[in-house]
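Enquirer: Mind having a look at this structure? Questions to follow.
The values are calculated or read from the model by the stated rules, or taken from the named source; none is laboratory data. For clarity, every value in this text was computed on a predicted model and none was experimentally measured. FYI the Cβ positions are ideal-geometry reconstructions off the backbone, even for glycines, and counts take in every protein chain you see.
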Amino acid sequence: MLFKRSKEKELKMTWELVKNDRKSLLIGTAHFFPYSFKSSIANCLQRARTVMFEGPLDQDSMARVVTCGMDAQSDYHIFDDLDAKTIDGITRKIAPNCRDKDKFLIFNFRKFSIENPVYEMVKGMKPWLAFFTIWSNFLQKNGWTYSVDLEGHATAAQLGKKIIFLETIEEQINVLENLSRDRILEFLRQVDRWPQQARDYASCYLDADLERLKSKGLRFPSRHPSVINHRDRIFYERMAGCLKQGDAVVFVGAPHVRGMSKLLLEDGYQIRGPRIPVEGRGRRAEG
């Protein structure tokens, strides 16, 4: 196990945004994590009028993602491009965890045969869905059973807050469809490094250390400038109106915080919170 029994932690990955005496919050999320931040999130949302998330989190939308990630007519299998050592490493990392699962991502509701479990589990999947299915199984097996996004969404709904999604599910699917197969394969081939990477990521996230978060670990397929930078601007343009009104809380993946902060500063916002790296150097957000 990468961690002992999960316990609730304080969420430090938060920044106060101030402009014209209007205040909002930016929260960098982890889509999977070994600890809960339920109390911290509830505190962040108490005064919020509007709560924003990257995209829809309901089961119907997630099921659409899975449907688009399937290609049952194709003869291709992600294992076709992996050597025996890598396949064995992946199998050892997740096989005991995939036999009785009926969801392998937050949004995967299909059941698979228990024969040759890992191969069968991702059979008929496009590379990106196969990758996220394998990776999420690995994390779940090691106690990463929480999600900042899902905890935030559930809390916002319970508090009766207005919820806005910054992307449609179609836009999110398009991002997934365009992930590089080469980067996916490169990540899978480094399976022996996954445990240390997960530990490093959790440590950096708990400390809200964006500099270490970027420098540590492997080349995660979706953390490429062509993906991150383009979406940063889309997110910002769509959240700008709510930020202008104030009392908004925005949940975006932690890798987006650096680019988002640049756009916020350019637009005249003061940012108060943990240090944010800017153009290769660390910038201390105002206290």
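Enquirer: Within segment 72-94, can one find any residue that is out of contact with any helix residue (DSSP H, G or I) (no Cβ under 9 Å at 6 or more places or on another chain), modelled with pLDDT of 95 or more and β-branched (Val, Ile, Thr)?
Expert: no
Enquirer: Let me ask something else about it. If I filter segment 51-59 for residues that are part of a loop (DSSP other than H, G, I, E, B), touching a residue at least 40 places away in the same chain (Cβ under 8 Å), surrounded by 15 or more Cβ atoms within 10 Å (Cβ to Cβ) and in contact with a His (Cβ under 6 Å, 6 or more places away or on another chain), do I get at least one hit? Let's see the steps before the verdict.
Expert: Narrowing segment 51-59 to residues part of a loop (DSSP other than H, G, I, E, B): 54-58.
Going one step further and asking which of them are touching a residue at least 40 places away in the same chain (Cβ under 8 Å), we end up with 54-57.
Going one step further and asking which of them are surrounded by 15 or more Cβ atoms within 10 Å (Cβ to Cβ), we end up with 54-57.
Now restrict to residues that are in contact with a His (Cβ under 6 Å, 6 or more places away or on another chain): 57.
The answer is yes; a qualifying residue exists.
Enquirer: Next question. Restricting the search to segment 178-195, which residues are in a helix (DSSP H, G or I) and under 30 Å from residue 41 (Cβ atoms)? So that I can check it myself, show each step before the final result.
Expert: At the first step, the residues of segment 178-195 found to be in a helix (DSSP H, G or I) are 181-189, 191-195.
The answer is 187, 194, 195.
Quick grid of which residues meet (1) assigned to a helix (DSSP H, G or I); (2) among the polar types (S, T, N, Q):
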site: 134; (1), (2): yes, no
site: 137; (1), (2): yes, yes
site: 140; (1), (2): yes, yes
site: 144; (1), (2): no, no
site: 151; (1), (2): yes, no
site: 154; (1), (2): yes, no
site: 160; (1), (2): no, no
site: 172; (1), (2): yes, yes
site: 176; (1), (2): yes, no
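Enquirer: From the set of residues in segment 256-278 that are of a type outside the set (Gly, Ala, Ser) and free of Cβ contacts under 8 Å to residues at least 60 places away in the same chain, which is farthest from residue 205 (Cα to Cα)?
Expert: Going through segment 256-278, the residues of a type outside the set (Gly, Ala, Ser) turn out to be 256-258, 260, 262-267, 269-272, 274-278.
When the remaining residues are screened for being free of Cβ contacts under 8 Å to residues at least 60 places away in the same chain, the result is 258, 262-263, 265-266, 278.
Values: 258: 14, 262: 20, 263: 22, 265: 23, 266: 25, 278: 18 Å.
The extreme case among them is 266.
Enquirer: Still on this structure, please answer the following. Would you pick out the residues in segment 96-120 that are over 21 Å from residue 183 (Cβ atoms), of a type in the set (A, V, I, L, M, F, W, C) and either at pLDDT 90 or above or not in a loop (DSSP other than H, G, I, E, B) (or both)?
Expert: 98
Enquirer: Moving on. Which residues, taken from segment 64-75, are within 27 Å of the chain's Cα centre (by Cα) and without any contact (Cβ under 8 Å) to a residue 12 or more places away in the chain?
Expert: Looking only at segment 64-75, we keep the residues that are within 27 Å of the chain's Cα centre (by Cα), and these are 64-72.
Residue satisfying the conditions is 67 alone.
Enquirer: Tell me the residue from 221, 274 that is part of a loop (DSSP other than H, G, I, E, B), at pLDDT 95 or above and surrounded by 16 or more Cβ atoms within 10 Å (Cβ to Cβ), please.
Expert: Values: 221 fails: at pLDDT 95 or above.
Going through 221, 274 in turn, the sole match is 274.
Enquirer: Looking only at residues that are hydrophobic (A, V, I, L, M, F, W, C) and in contact with a strand residue (DSSP E or B) (Cβ under 7 Å, 6 or more places away or on another chain) in segment 135-149, which one is surrounded by the fewest Cβ atoms within 10 Å (Cβ to Cβ)? Before you say what the answer is, go through the steps one by one.
Expert: Our first condition is that a residue be hydrophobic (A, V, I, L, M, F, W, C); within segment 135-149, this holds for 135, 138-139, 144, 148.
Applying the additional criterion that residues be in contact with a strand residue (DSSP E or B) (Cβ under 7 Å, 6 or more places away or on another chain) yields 144, 148.
Values: 144: 22, 148: 26.
Ranking the candidates gives 144 first.
Enquirer: State which residue is farthest from residue 206 (Cα to Cα) when the search covers only segment 229-255 and only residues that are without any contact (Cβ under 8 Å) to a residue 60 or more places away in the chain and surrounded by fewer than 16 Cβ atoms within 10 Å (Cβ to Cβ).
Expert: By that ranking, first place goes to 241.
Enquirer: Moving on to the next point. Just wondering, is there one or more residues in segment 196-209 that are crowded, with 19+ Cβ neighbours inside 10 Å and either in contact with a Cys (Cβ under 9 Å, 6 or more places away or on another chain) or in a loop (DSSP other than H, G, I, E, B) (or both)?
Expert: Within segment 196-209, one or more residues are crowded, with 19+ Cβ neighbours inside 10 Å and either in contact with a Cys (Cβ under 9 Å, 6 or more places away or on another chain) or in a loop (DSSP other than H, G, I, E, B) (or both).
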